[in-house]
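Have a look at the structure below before the remarks.
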Amino acid sequence: MKEVLSPRVSNTGVQTPKEMCLKALIDYVGVTFKNVQVEQVIKEILKLDISFFIDNDYGFFNYRRSYRFDNILILHNGEDDSKGMGVHVQMTGAGCRQLDCYLKTQKRKWKDFFKDCFELDPDCNFSRLDVSIDDTKVYFKIPKLLKKIKSGELVSRFKYSYGFEKLKNGDGVNVGTTIYIGSPTSDIRFRFYEKNYEQAFKQKVEVEEIGDWNRYEIQIRNENATKCASVLARSENVIYIIKSILNNYVRFVNKDINDLTHKHRWKTWRNWSKFIEDSGKLTLYIKPEPKTFEETYRWLLKQTSNSLKTIEIIDRVTGMEGKMLEDLLAAANLKDTHYEKMINYLKQMPSYSDVDKEIIKDSLYGFS
């Protein structure tokens with residue numbers, strides 16, 4: 001996986017004068033630990049006293065129990081975790097701000113938090129991780145970004161963007177623009193919006209009292225979130241990491257009317273270039289591993305066993321003696337990847353370990 005983060009990934013996180021108007025935030029954390037007790041998570045990851053937490057006999061997301069300390073939520077199944085769900089920590093934006101305070105009193109940084117997660121459980125899984133930058137210099141206006149997207153002046157790995165304007169019905173004045181880059185189902189999605197309008201509405205004041213304030217958010221899920229957390233565990237410079245992710249996935253450009261067919265050659269828009277300068281490029285893409293026969297079997301058990309059992313019962317009740325199930329299997333169209341899974345599975349068995357793959361494949365064809 002390509003990570004262009006040198007030379008600043010290991011620096012102390014001290015901002016340059018140009019970056020003093022930028023503030024990095026960890027805005028959502030969802031992480032699961034396996035074969036770990038709740039007490040360990042509270043003591044070794046959060047480094048808090050368990051007495052701070054309320055022990056609840058209910059949970060969420062199929063967990064049976066939970067511990068809550070204000071906006072920090074820990075989900076678990078108690079001593080009987082037969083499903084192997086482990087311990088899940090969830091912190092929304094408010095929970096992350098809460099932990100911010102405790103990290104300061106503990107003389108720790110978010111780098112230490114992520115590092116401790118992987119030290120407690122090297123295989124911990126981050127299901128979601130949101131990071132953001134607050135910009136009070138305002139390198140660019142969000143409505144201007146929307147105009148550039150509409151005019152085709154965005155080079156991006158994503159296919160689609162979504163723009164929303166909040167308008168006053170009385171005079172049609174724009175009171176806040178939000179842009180999403182990437183689909184709602186994507187494992188990586190960007191959100192750019194005018195934070196000053198949001199805060200003015202919440203505080204019931206004029207936006208001028210809030211001043212300039214943009215927020216640039218990245219919502220990251222699944223393996224990409226775990227990858228990002230592993231990078232954050234190695235660096236205190238969160239701003240640099242966020243900008244490097246943005247720099248890898250999007251680039252605002254100036255249209256070149258003399259070369260409309262080679263968009264990737266267009267010059268980077270000056271305002272975007274100033275904002276993103278000195279950053280690297282960080283890709284969070286993880287190439288999926290080929291599915292094994294065991295994974296296919298586990299998926300069938302979980303997703304299709306009830307449907308297959310239903311067909312089997314109907315076959316017996318109607319006296320069709322397996323005809324429906326036979327028709328279902330006859331409709332299969334096996335590819336080379338399916339045979340490769342079966343061969344790899346059989347090669348693990350002593351009776352097939354020394355047999356040539358082509359011989360096994362020919363045998364499998366005979367059963368097909």
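The values are calculated or read from the model by the stated rules, or taken from the named source; none is laboratory data. Only a predicted model underlies this, so the values are computations on that prediction, with no experimental measurement involved. With ideal geometry, Cβ positions are generated from the backbone for all residues, glycine too; neighbour counts draw on all protein chains shown. Note: accessible area is taken over every heavy atom of the protein model, side chains too, but ligands, DNA and RNA are not part of it. Shrake-Rupley method; radii C 1.70, N 1.55, O 1.52, S 1.80 Å.
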Quiz prompt | Where Arg68, Arg189 fall by accessible area, highest first, once all protein chains stay in place (1.4 Å) | solution = Arg68, Arg189
Quiz item: What does the helix-only formula give at 222 nm for the chain: each DSSP H stretch with n ≥ 4 adding -39500 (n - 2.57), the total divided by the residues, and the result rounded to the nearest 500 deg cm²/dmol?
Solution: -10500 deg cm²/dmol
Practice problem: Could you tell me what fraction of 2.2 N^0.38 Å the Cα radius of gyration of the stretch 163-275 comes to, as a two-decimal ratio? | Solution: 1.31
Practice problem: Would you check the accessible area of Ser51, probe 1.4 Å, heavy atoms only, in square angstrom rounded to 10? | Solution: 90 Å²
Practice problem: In whole Hz, with x marking every Gly and Pro, tabulate ³J(HN,Hα) for the stretch 60-66 from phi via Karplus 6.51 cos²θ - 1.76 cosθ + 1.60, θ = phi - 60°. | Solution: 9, 6, 6, 7, 8, 9, 7
Self-check item: For Lys281, solvent-accessible area (1.4 Å; no DNA, RNA or ligand), Å²
Solution: 100 Å²
Exercise. Go through Tyr139, Val87, Asn62 and say which Cα lies farthest out towards the positive end of the charge dipole of the stretch 41-168; charges sit on Cβ, +1 for Lys and Arg, -1 for Asp and Glu.
Key: Tyr139
Quiz item: Roughly how many Å² is the accessible area per residue of the chain, as a whole number, for a 1.4 Å probe?
Solution: 60 Å²
Self-check item: Full-extension gain in nm, Leu334 to Val205, via 0.36 nm per residue minus C-alpha separation
Solution: 40.0 nm
Self-check item: Compactness relative to 2.2 N^0.38 Å, alpha carbon Rg of the stretch 225-368
Solution: 1.82
Self-check item: Kirkwood Rh, Cα atoms: Rg over Rh of the chain
Solution: 1.06
Practice problem: Have a look at the stretch 66-181 and give its Rg and Dmax from the Cα atoms, expressed in angstrom. | Solution: 20.6, 60
Exercise. Please express the Cα-Cα pair-distance distribution P(r) of the stretch 123-214 as a list of whole percents, one per 5 Å bin, running from 0 to the bin with the greatest distance.
Key: 2, 12, 19, 21, 19, 12, 8, 4, 1, 0, 0
Exercise. Keeping every protein chain in place, order Val173, Val205, Val38 by accessible area at 1.4 Å, biggest value first, i.e. largest first.
Key: Val173, Val205, Val38
Quiz item: How much of the accessible area of the stretch 210-368, in percent, comes from carbon and sulfur atoms when a 1.4 Å probe is used?
Solution: 55 percent
Quiz item: Dipole of the chain, Cα-centred, from +1 at each Lys and Arg C-beta and -1 at each Asp and Glu C-beta, to the nearest 20 debye?
Solution: 1660 debye
Practice problem: Report the accessible area of Asp278, computed with a 1.4 Å probe over the heavy atoms of all protein chains in place, in Å² rounded to the nearest 10. | Solution: 100 Å²
